[in-house]
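Below is one structure; the comments refer to it alone.
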Amino acid sequence: MTPAMLDFGRELAAKKGLANVTFKQGDVIALPFPDGSFSVVVTRYSFHHFLEPLAVFKEMVRVCRRGGRIALVDMYASEDDAKAAQWNRLELLRDPSHVRCLPLSELKALFGKVGLEQPKEAFYGVHDSVKNLLGRSFPNSGDDVKIRAMFAASAKDDRLGIPVTFEDSELWYTYPTAILSAVRH
């Protein structure tokens, strides 16, 4: 999303001696590549930042060659609209670039909407403390208090629709994550 991220990637690739990597900034709805450029097209932990997820997914398919694989990896919200809305509210407080975490059903439906078969699925959870999460977040002043309170309330009543627990006097969460992929025919 930023030139600084690309610079970091270039530096890391150089340190690791990788010469077969190119970093390019572009618009996710109009990628700067010809049709069928890649055998694998992956998005990881970015879909919840997109204003137009279907348009982005169509563009991923466009730049994937026939026989190539498209993979979408992202956290997903509860199918319960109220819980999903609460978690999205928390995420927006934590990271102002957040748009909306989609429920798993919406993520999977993207594949059919672009003419792909139902995706292969795998799942895991990102488990960490709220303290660590806030340490790598960008809340406005005072929003960290609201975020902690939202997590603490959810530990009692599941209002976020994600696992939240108290462990050793610390709040812990698990963000559900899906790996969805399909071959472009």
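The values are calculated or read from the model by the stated rules, or taken from the named source; none is laboratory data. Every value quoted in this text rests on a predicted model; they were computed, and no experiment measured them. FYI the Cβ positions are ideal-geometry reconstructions off the backbone, even for glycines, and counts take in every protein chain you see. Just so you know, the surface numbers come from the protein's heavy atoms only, side chains and all, with ligands and any DNA or RNA stripped out. Shrake-Rupley method; radii C 1.70, N 1.55, O 1.52, S 1.80 Å.
For region 46-72, name all the residues that are open to solvent by less than 60 Å² (accessible area, probe 1.4 Å) and assigned to a loop (DSSP other than H, G, I, E, B).
SER46, PHE50
Of a type in the set (Ser, Thr, Tyr), in contact with a His (Cβ under 7 Å, 6 or more places away or on another chain) and at pLDDT 95 or above: does that describe THR165?
For THR165, the condition - of a type in the set (Ser, Thr, Tyr), in contact with a His (Cβ under 7 Å, 6 or more places away or on another chain) and at pLDDT 95 or above - is not met.
Would you mind stating whether ARG65 is in contact (Cβ under 8 Å) with a residue 60 or more places away in the chain, charged (D, E, K, R) and closer than 26 Å to PRO176 by Cα?
When the stated conditions are applied, ARG65 does not pass them.
Within region 8-34, restricting attention to residues that are touching a residue at least 12 places away in the same chain (Cβ under 8 Å) and surrounded by 11 or more Cβ atoms within 10 Å (Cβ to Cβ), which residue is farthest from LEU180 (Cα to Cα)?
ARG10
Which fully enclosed strands (runs of 3 or more DSSP E) of region 73-185 have 3 or more residues being closer than 21 Å to TYR45 by Cβ, touching a Ser or Thr at 6+ places or on another chain (Cβ under 6 Å) and open to solvent by 40 Å² or more (accessible area, probe 1.4 Å)?
120-129
Look through region 131-149, keep the residues that are touching a residue at least 40 places away in the same chain (Cβ under 8 Å) and among the hydrophobic types (A, V, I, L, M, F, W, C), and return whichever of them is nearest to THR174 (Cα to Cα).
Within region 131-149, the match that is nearest to THR174 (Cα to Cα) is LEU133.
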